[in-house]
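Every number in this text was worked out from the coordinates using simple rules, so none of it is lab data. Since the structure is predicted, the reported quantities are computational estimates derived from the model, not experimental observations. Please note: Cβ atoms are built from the backbone with ideal geometry, for glycine as well, and neighbour counts cover all protein chains shown.
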Amino acid sequence: MTELKLPKPGTIEINPSILSSDFAALADEIAEIERADIKMVHLDIMDGHFVPNITIGPPVVEKLRKHSKLFFDAHLMITEPRKYAEAFVKAGTNHITFHIEVEDNPKEFIDILHDMGVSAGICLNPETPVEQVEKVASFCDMILVLTVHPGFGGQKFIDSAAQKIRLLREMVGPSVRIEVDGGIDTTTAPIVVGYGADTLVAGHAIFSKKDRIAAIQAIRDACV
Ligand code: DX5
Ligand code: ZN
């Protein structure tokens, strides 16, 4: 396991999602974006149950770990995150986000993740109200607001879901990162930063472009 830590709050981080990358050349794809002065990469983990799609599991993450020094941010879109969390941590994941919709005792699971030496996050689907995380939000290192329905890249940004960022920011103050995921590009990035997000996941807006480094820089520039 690497000792990489989630960047301290206070900076805007662009967090490329591999979902729109070439899965047959994942190590090369990650090596390319690593040249864009980023700190983290977003790994979308799907099980075909929680979402109607399947991506990668711990064995692939373990192989990727040998090729990258980036902070691995795993977004578990799976119905049994507790069952697989340890395998992802052992594979070299640095941060685990689970969905509140499938977890009855989120505080306990956050503590388990911290005991395993990784930072912890909770994700809310677009239709999930912030009240559902009210009691545990401040125990998270990062909260993930999904602004598309989970399962696929390249979907349209849902502004009504993004509005929840304002409420969450009021709830947790400046010391918890707020990550936003889905439909982020040069137009929507400044909107969500205005709402209080500081960690911007982007898949299609980066990997559909020939020059990924320029695409990352364009999103960064759009936020200032
Ligand atoms: C959706 C995933 C997102 C998605 C973002 O299920 O969690 O990470 O890949 O991709 P874009 O930026 O293409 O909406
Ligand atoms: Zn994601």
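Looking at GLU32, GLU3 in this structure, which one is touching a helix residue (DSSP H, G or I) at 6+ places or on another chain (Cβ under 6 Å) and acidic (Asp, Glu)?
Result of the check over GLU32, GLU3: GLU32.
Contact list please: Cβ distance under 9 Å, first residue in region 86-107 and under 22 Å from THR128 (Cα atoms), second residue assigned to a loop (DSSP other than H, G, I, E, B) and of a type in the set (Ser, Thr, Tyr), pairs at least six apart or on different chains.
HIS99/THR79; HIS99/THR128; ILE100/THR128; GLU101/THR128; VAL102/THR79
Scan region 23-59 for residues that are away from ligand 1 (no atom under 13 Å from the Cβ), part of a loop (DSSP other than H, G, I, E, B) and in contact with a Phe, Trp or Tyr (Cβ under 8 Å, 6 or more places away or on another chain) and jot them down.
LYS39, GLY57
Would you point out which residue out of GLY196, GLY203 is within 16 Å of ligand 2 (Cβ to nearest atom) and out of contact with any Phe, Trp or Tyr (no Cβ under 6 Å at 6 or more places or on another chain)?
Only one candidate qualifies: GLY203.
Which of (1) hydrophobic (A, V, I, L, M, F, W, C); (2) more than 25 Å from PRO174 (Cβ to Cβ); (3) more than 16 Å from ligand 2 (Cβ to nearest atom); (4) not in a helix (DSSP H, G or I) is the odd one out, the single condition LEU4 does not satisfy?
Among (1) hydrophobic (A, V, I, L, M, F, W, C); (2) more than 25 Å from PRO174 (Cβ to Cβ); (3) more than 16 Å from ligand 2 (Cβ to nearest atom); (4) not in a helix (DSSP H, G or I), the lone unmet condition for LEU4 is (2).
Quickly run through region 7-21 and pick out the residues that are part of a loop (DSSP other than H, G, I, E, B) and buried (at least 20 other Cβ atoms within 10 Å of the Cβ).
Scanning region 7-21 gives a single hit, SER21.
Name every residue in region 60-93 that is in a strand (DSSP E or B) and small (Gly, Ala, Ser), in order of residue number.
ALA74
Rundown of residues vs (1) closer than 22 Å to PRO150 by Cβ; (2) away from ligand 2 (no atom under 14 Å from the Cβ); (3) touching a residue at least 40 places away in the same chain (Cβ under 8 Å); (4) surrounded by fewer than 16 Cβ atoms within 10 Å (Cβ to Cβ), yes/no style:
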residue: PHE23; (1), (2), (3), (4): yes, yes, no, yes
residue: LEU43; (1), (2), (3), (4): yes, no, yes, no
residue: ASP73; (1), (2), (3), (4): yes, no, yes, no
residue: TYR84; (1), (2), (3), (4): yes, yes, no, no
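Strands (runs of 3 or more DSSP E) wholly in region 100-205 with at least 1 residues that are more than 12 Å from ligand 1 (Cβ to nearest atom), out of contact with any Ser or Thr (no Cβ under 7 Å at 6 or more places or on another chain) and among the small types (Gly, Ala, Ser) - which ones?
Once the strands (runs of 3 or more DSSP E) in region 100-205 are filtered for at least 1 residues that are more than 12 Å from ligand 1 (Cβ to nearest atom), out of contact with any Ser or Thr (no Cβ under 7 Å at 6 or more places or on another chain) and among the small types (Gly, Ala, Ser), what remains is 119-124.
I'm trying to understand the selection: among the residues of region 59-71, which are surrounded by fewer than 14 Cβ atoms within 10 Å (Cβ to Cβ) and in contact (Cβ under 8 Å) with a residue 40 or more places away in the chain?
Within region 59-71, HIS67, LYS69 qualify.
Would you tally the residues in region 173-195 being touching a strand residue (DSSP E or B) at 6+ places or on another chain (Cβ under 7 Å) and surrounded by 19 or more Cβ atoms within 10 Å (Cβ to Cβ)?
Matching residues across region 173-195 total 10.
Would you check which residues across region 206-220 are outside any helix (DSSP H, G or I) and either within 16 Å of ligand 2 (Cβ to nearest atom) or touching a Gly at 6+ places or on another chain (Cβ under 8 Å) (or both) and list them?
Within region 206-220, SER208 is the sole residue that qualifies.
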